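Here, each number is a calculation from the coordinates, and none is a lab measurement. The model shown is predicted, which means the values in this text are computed figures rather than measured ones. Using ideal geometry, Cβ is built from the backbone for each residue, glycine included, and neighbour counts are taken over all protein chains shown.
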Number of protein chains: 2
Amino acid sequence: MAKEKVTFDFDKKGDFSEWYSEIIKRAELGDLRYNIKGFIVFQPWSVLAMEKTYDFLEETLQLKGHKPYWYPVVIPEKNFLMEKNHVKGFAPEVFWVTETGAGEKLEEKMALRPTSETAFYQMFSIWIRSYKDLPFKTYQRAQVFRYETKATRPFIRSREFYWIETHNAFDSKENAFKQAEEDMQTTKEILLDKLCIPFIFFERPEWDKFPGAETTFAADTLMPDGKVLQLPSTHIISQNFTKAFEVKFVDEKGKENYCWTTCYGPAVSRIFAAIISIHGDNKGLIFPFSVAPLQAVIIPIYNEKNKEKVLKESKKIQEELRKAKIRTEIDLTDKTMGEKFYYWEMKGVPFRIELGEKEIKEKKATVFLRHEGKKTKEKISGIEKFILSEGTKQMDYLKKKAVKEFEEKIVEADSIEKVKKAVEEGKIVKTGFCSVSMQGNDCAEKIEKEMNASIRGTKFIKEKPAGNCIVCKKKAESVVYIGKSY
Amino acid sequence: MAKEKVTFDFDKKGDFSEWYSEIIKRAELGDLRYNIKGFIVFQPWSVLAMEKTYDFLEETLQLKGHKPYWYPVVIPEKNFLMEKNHVKGFAPEVFWVTETGAGEKLEEKMALRPTSETAFYQMFSIWIRSYKDLPFKTYQRAQVFRYETKATRPFIRSREFYWIETHNAFDSKENAFKQAEEDMQTTKEILLDKLCIPFIFFERPEWDKFPGAETTFAADTLMPDGKVLQLPSTHIISQNFTKAFEVKFVDEKGKENYCWTTCYGPAVSRIFAAIISIHGDNKGLIFPFSVAPLQAVIIPIYNEKNKEKVLKESKKIQEELRKAKIRTEIDLTDKTMGEKFYYWEMKGVPFRIELGEKEIKEKKATVFLRHEGKKTKEKISGIEKFILSEGTKQMDYLKKKAVKEFEEKIVEADSIEKVKKAVEEGKIVKTGFCSVSMQGNDCAEKIEKEMNASIRGTKFIKEKPAGNCIVCKKKAESVVYIGKSY
């Protein structure tokens, strides 16, 4: 094999697509060479970060009263056919299990779940009886499967992806909406506060709602190539579902009614795509301290004479860091020092601790801060406290930087030409629009076709429109956001 | 609906089958009413305990150098057909994905993984090049799918189950065997030390090995109905697999060779079956402190007058317990006190803290220890320390009790009649046998047919046989263990 280049050096802003493909390969995040198209093997360096993301999400959801379930990965065809909009939306994308063993046909074929409403609601109809059972708040961590016909991209769009889905039932539409608000708050607590990813929640237009939903709110962020990436979404499901599945409750007055339901779906593998793309730079990954598979790496610098002493001191530091629950390793490979530096920078480890004869003498280690590219000397004794406090600062730094870049790319425009230009420049454009519901609206169709862009929706807290619709010039009735999407 | 009986009262030893079905229903561990035969919905009370089990296993495996992966749930038919013994063993049990959307046939059908050797090895052949890459130790947490034709039982045998599978490659057979020994040690650290479940590792006879394995070691425990339950197993895989998949490495001298591989498969859902069956009693579940979904429940005892005071004090205790990372809730339902007591006893919560006017005055709470059925008074201040230390003692208690019961049921017998009688009494019987390999042995076949029992194998560290084979009366060459299985 040809020797691999030591440095990672790709222009993230200039050619994001190349940067993205290369970092996935070089940092060993996912391997695309698995024998089935659209399915990838997730490797340890991404799995560890995604497991952390799962931990944050599950902890928060449990605190907010959601209980964990594990549902079967297969859904019988009859469940799947119960709600007509849902079938229409998902049917083309379903993988079907039809046989067993040497080709015996199943009596009824089973869908690999593309989403699990039709599995959860079947059980809700058994479990929910009275207003006392409500709210009924559940979730599961699971993979879902969609036979995507669009081009797949690892972590962004693949035929199997990793998510959490919450499914919840309420005694009123009002309480369902409150849940959607709570979901948006949860998204902020995790994505923005823990993962440093900025986003805006939009109420999606009619044609872009979850199949079967009455209202869809979805978080959008911007990728370095100026394309909008959809992150978690939360949906107020119409009562059509609970009517189809007979999910009913008896209220305090003894009256029977159908439940109102919601679902929320943070896709952990797609959130990971945002983490690496938004924070990374031309030298590779930069993981927020919270989810870094390794938070600090120790590089011992030694020769034959002082090897023992340096390694002993390195181990002592590792022990102190681990006691403080900091994920740490010592790099003991036979690479050169330079190779080690480049390697861990590329892998996005937040802190590198260099330790040699000089450092031991001074009782101070050299610490390299990946996010700022700066070196500093810190007392070896108590270095774990330094790393923890710098870890918090690092997340602050990444968050501020990402928010600033994101906000700079949200611009206003009042003509179709200006919108077009801004969208081409990779911006999300805010503009006036002639309709609120947008259903069957010619102007919307014109925008999406002419610009090769999509209407992301209106903000959750509605903005007051000024001026006219950029297409038909009628008085604007809503403020919409437009962007390029994957 | 008829009012549910307040007390749980089933004779675990007298009719284990009834006890098992009832506790799964009443404690809401799993719901069998999902629309597909052999698949169940796992409910929060079991999921929380199984997630804890996953945590213990993953933490330990990572410490021992296994890296986490997420492989696709589907395996292409061509991978699956590569190793002939493996195909023969698993083919009858495979679920096949053959279609997408409205019935479009896939070019190649895909198996829902029944186990993942043929997925992992495809990638090993790409990733492993040199002795420097070895040992290559991996794992994934995953569900696997088997079209069981035997009767299914929740948690014990179902068509979808939850496990961890490790897949590992080595430079020598010797190192592969060392891995198997490490796996047995891991099993002890988790099953015995954390979950209080006793077991013996047996080397399985030829006909009971994992399809494709050269040697299989499997842990057996005993269920209350006298049936042997197989727990984690570890396998030395023959080089047939690495030859089929071209998993090769270049050794230090530059010579190419095929890797030796092993796999280890602790089934978390089946381990859960052992936890509830071995520790439970006629009043319901008893969770080891380590995996209890709730470790302590607080029951406030109040009337209209002192309600506020009692609830305030209850919340203070809850806070202290939660700070100490003890999983705790206050029961605020409108059940009677008696109902609450019975309910949480049935649910297996290790400690119940009763708190009323009297307790507040005395500054001591009443604590009920589920495993001993005893009450004690403990100072409210510092009660979290009491719970933590009693938690450790509770696990000791459960472990000793389970080990004692297990060991009493392992007996020796030197004639076919005595073996038969002991097996009928639900024991594991140790006896002499005429062969070591047992392959194609008539005596083995006779035992399995005549007794409706199975030969579990020989111990990992071989025992010296005395006497004769119980069937053919030839000189015994090995010591085997026989028991009834599911």
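Odds and ends about this structure:
- Once divided by 2.2 N^0.38 Å, the Cα radius of gyration of region A:112-255 becomes 1.15.
- Backbone phi angles across region B:192-197, fed through the Karplus curve with coefficients 6.51, -1.76 and 1.60 (θ = phi - 60°), yield HN-Hα couplings of 7, 6, 9, 10, 6, 9 Hz in residue order; Gly and Pro are listed as x.
- Length gained when the stretch A:Lys84-A:Asn175 is fully extended (0.36 nm per residue, less Cα-Cα span): 30.3 nm
- From phi via Karplus (6.51, -1.76, 1.60), per-residue ³J(HN,Hα) for region A:466-480 in Hz, x at Gly/Pro: 10, x, 10, 5, 5, 8, 8, 6, 5, 4, 5, 10, 8, 10, 10
- Whole-Å distance, taken between Cα centres, linking region A:213-270 and region A:11-28: 34 Å
- Over the residues of the protein assembly as shown, the helix contribution to mean residue ellipticity at 222 nm works out to -10500 deg cm²/dmol, using -39500 (n - 2.57) for each DSSP H run of at least 4.
- In degrees, nearest ten, helix B:442-451 long axis to first principal axis of chain B (Cα): 30 degrees
- Normalised contact order of region A:296-390, rounded percent, pairs of Cα under 8 Å and 6 or more residues apart: 31 percent
- Cα-based Kirkwood hydrodynamic radius, region B:410-485, one decimal, Å: 11.9 Å
- Viscosity 0.692 mPa s, 37 °C: Kirkwood-radius Stokes-Einstein D of the protein assembly as shown over Cα pairs, µm²/s: 106 µm²/s
- Bins of 5 Å from zero: percent of alpha-carbon pairs in region B:1-155: 2, 7, 11, 13, 15, 15, 13, 9, 7, 4, 3, 1, 0, 0
- Panel order for A:Leu134, A:Leu321, B:Leu388, by other beta carbons found within 10 Å of each beta carbon, from fewest to most: B:Leu388, A:Leu134, A:Leu321.
- Pairwise Cα inverse-distance average, inverted: Kirkwood Rh of region B:16-279 (Å): 19.4 Å
- What the Cβ-Cβ distance of A:Glu256 and A:Ile126 gives, at R0 = 22 Å and to the nearest 0.05, is a FRET efficiency of 0.90.
- For region B:106-113, 3J(HN,Hα) per residue [Karplus equation, 6.51 cos²θ - 1.76 cosθ + 1.60, θ = phi - 60°, Hz, x = Gly/Pro]: 6, 4, 10, 6, 10, 8, 6, 3
- Dimensions in Å of chain B - Rg and Dmax from alpha carbons: 25.4, 85
- Rounded to 10°, Cα long-axis angle of helix B:44-63 versus longest principal axis of chain B: 50 degrees
- In this Cβ point-charge picture (+1 for Lys and Arg, -1 for Asp and Glu), chain A has a dipole of about 1040 debye about its Cα centre.
- When only Cα pairs below 8 angstrom with a gap of at least 6 residues are kept, region A:381-486 shows a relative contact order of 28 percent.
- Averaging the Cα positions of each part gives two centres, and for region A:403-469 and region B:450-480 these lie 79 Å apart.
- The H on the amide N of A:Cys263, modeled in the peptide plane, is under 5 Å from the matching H of A:His235, A:Ile237, each at least 5 residues off or on a different chain.
- With Cα atoms, 0 to 90° folded angle of helix B:383-408 axis to chain B main axis: 50 degrees
- Nonlocal amide H pairs with B:Leu355, under 5 Å, H built at 1.01 Å: B:Ile299, B:Ile301
- Whole-angstrom gap from region A:291-305 to region B:102-156, using each part's C-alpha centre: 35 Å
- Orientation-averaged projected area, Cα convex hull of region A:305-423 (nm²): 9.9 nm²
- Exposure proxy shown here: for A:His279, A:His235, the number of other Cβ atoms within 10 Å sets the order, fewest to most, as A:His279, A:His235.
- Across chain A, the relative contact order, built from alpha-carbon pairs under 8 Å that are at least six residues apart, equals 14 percent.
- Amide H contacts of A:Tyr69 (H built 1.01 Å from N, under 5 Å, at least 5 apart or other chain): A:Tyr139, A:Gln140, A:Arg141
- Pairs over the 20 Å Cα-Cα cut-off, from the set A:Lys64/B:Lys379; B:Lys88/B:Lys243; A:Lys64/A:Lys84; B:Lys209/B:Lys409; B:Lys316/B:Lys385: A:Lys64/B:Lys379; A:Lys64/A:Lys84; B:Lys209/B:Lys409.
- Farthest positive-ward along the protein assembly as shown dipole, Cα basis, beta-carbon charges - from A:Met50, A:Trp207, A:Ala365: A:Ala365
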